[in-house]
Amino acid sequence: MNKILKGECLCGTIKFELEDDFHAFHLCHCKQCQQQTGSAFASNIFTTPENINWTEGEDQISVYEHQTRDFSKSFCKHCGSAVPFLNKTGRALIVPAGSLSDDASIVPKANIFNAERACWLSDGIEAKLFDGFRN
Ligand SMILES: [Zn+2]
Ligand SMILES: [Zn+2]
């Protein structure tokens, strides 16, 4: 049996658990992922559709489906945090890495849509480090 990992949204309305049993971890740099995260890329971990146990707030999830692309996002109605969702084919559950409270054993394996990569990402990674707010 795999370790059980917990996850939740920022406001704590939605909570879930799943097994540490993942088959892919992609960083997606497409423009849509930049827009929906407000950041340089989305961090998506893939598992099987049945590997999720919603412990609180499943009915507080909103789903956005893109009109033309195979793209959707599930998020908390209250705080907007990304939460796990089934892909369009229903064959994979996609877990936003940042929604996990515990560390998964898988690490990123691919940077996809690298052609659309934010022009400022490399400079951001190289920028000076601070442990908290810059003061
Ligand atoms: Zn929330
Ligand atoms: Zn993307």
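Key figures for this structure:
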read-out: By average C-beta atoms within 10 angstrom, highest first, the peptides 96-107, 21-32, 116-127; value: 21-32, 96-107, 116-127
read-out: Charged-residue dipole, Cβ positions (Lys, Arg, Asp, Glu), the stretch 1-96 about Cα centre, Debye nearest 20; value: 400 debye
read-out: Solvent-free Debye scattering, log10 I(q)/I(0), computed from the Cα coordinates of the chain at q = 0.09, 0.16, 0.20 Å⁻¹; value: -0.28, -0.89, -1.29
read-out: FRET efficiency, D59 to F130 (Cβ-Cβ, R0 35 Å, nearest 0.05); value: 0.35
read-out: Accessible-area composition of the chain, carbon plus sulfur, in percent [1.4 Å probe]; value: 50 percent
read-out: Contact order normalised by residue count of the chain, Cα under 8 Å, 6+ apart, percent; value: 30 percent
read-out: Partner aspartates and glutamates for K88 [C-alpha distance under 18 Å; skip if fewer than 8 residues away on the same chain]; value: E50, E65, D70
read-out: Inter-label distance, nm, simple model (7 Å from Cα along the C-beta direction), C119/N87; value: 3.1 nm
read-out: Partner aspartates and glutamates for K77 [C-alpha distance under 14 Å; skip if fewer than 8 residues away on the same chain]; value: E8, E56, E58, D59
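The values are calculated or read from the model by the stated rules, or taken from the named source; none is laboratory data. Values in this document were obtained by computation on a predicted structure and should not be read as measured data. Counting neighbours? That spans all protein chains shown, and the Cβs are built from the backbone with ideal geometry, glycine included. In case anyone asks, the SASA skips ligands and DNA or RNA and just uses the protein heavy atoms, side chains included. Shrake-Rupley method; radii C 1.70, N 1.55, O 1.52, S 1.80 Å.
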